[in-house]
Amino acid sequence: VESQSERKPAFQFIRNIDETVLPDVHVMRDRDEFLVHFNFTYSKTFELLYTDDPKYTREDIKGIFLIDEEGVIWSDNVWIAEEPQFGEVDAMGEMTIYSQEKYDRLMRFLDRHAIAHGLKFRSHTHQRY
């Protein structure tokens, strides 16, 4: 069994099923909060729900989970498309962040996720809102 600190940071809609495609992440600031969108143009979850012999149903989706060595960040505000549309968003998670501490935590997750997947990401955790 893989420990929390040994696993790559991951996004999940169904627990223990890592998304294989990286999302577009959008962070919008509004006065004293941040609204964060995670858009997946192709989703492992979507594939698992809409195969000829699905092993999961929409009821298996309990939220979007961001998992790394610090633990889990999650939101139950999710959307999964009803049918595939090439190039369109298949799955989306959304969360609202109200504190600097939680915003910094999200940035640490995104930093780790980018490094683990060979991407470049530069957060601004030192900036205060």
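Quick check on my filter: what residues within the stretch 92-122 are among the small types (Gly, Ala, Ser) and assigned to a helix (DSSP H, G or I)?
Taking the stretch 92-122 first, the residues among the small types (Gly, Ala, Ser) are 93, 99, 114, 116, 118.
Answer for the stretch 92-122, where residues must be among the small types (Gly, Ala, Ser) and assigned to a helix (DSSP H, G or I): Ala114, Ala116.
Taken residue by residue, the stretch 88-105 has at least one member that is touching a residue at least 60 places away in the same chain (Cβ under 8 Å) and either basic (Lys, Arg) or surrounded by fewer than 16 Cβ atoms within 10 Å (Cβ to Cβ) (or both).
Report yes if Leu110 is of a type in the set (A, V, I, L, M, F, W, C), out of contact with any strand residue (DSSP E or B) (no Cβ under 6 Å at 6 or more places or on another chain), surrounded by 17 or more Cβ atoms within 10 Å (Cβ to Cβ) and touching a residue at least 24 places away in the same chain (Cβ under 8 Å), otherwise no. Even if it seems obvious, please write down each step before you answer.
On the way: of a type in the set (A, V, I, L, M, F, W, C): yes; out of contact with any strand residue (DSSP E or B) (no Cβ under 6 Å at 6 or more places or on another chain): yes; surrounded by 17 or more Cβ atoms within 10 Å (Cβ to Cβ): yes; touching a residue at least 24 places away in the same chain (Cβ under 8 Å): yes.
Yes, satisfied.
Of the strands (runs of 3 or more DSSP E) lying entirely inside the stretch 1-82, those carrying at least 3 residues that are open to solvent by less than 60 Å² (accessible area, probe 1.4 Å) are 10-14, 33-40, 64-68, 71-75.
The values are calculated or read from the model by the stated rules, or taken from the named source; none is laboratory data. Note that this is a predicted model, so its numbers are computed, not measured. Here Cβ is always computed from backbone atoms with ideal geometry, including for glycine, and neighbour counts include all displayed protein chains. In case anyone asks, the SASA skips ligands and DNA or RNA and just uses the protein heavy atoms, side chains included. Shrake-Rupley method; radii C 1.70, N 1.55, O 1.52, S 1.80 Å.
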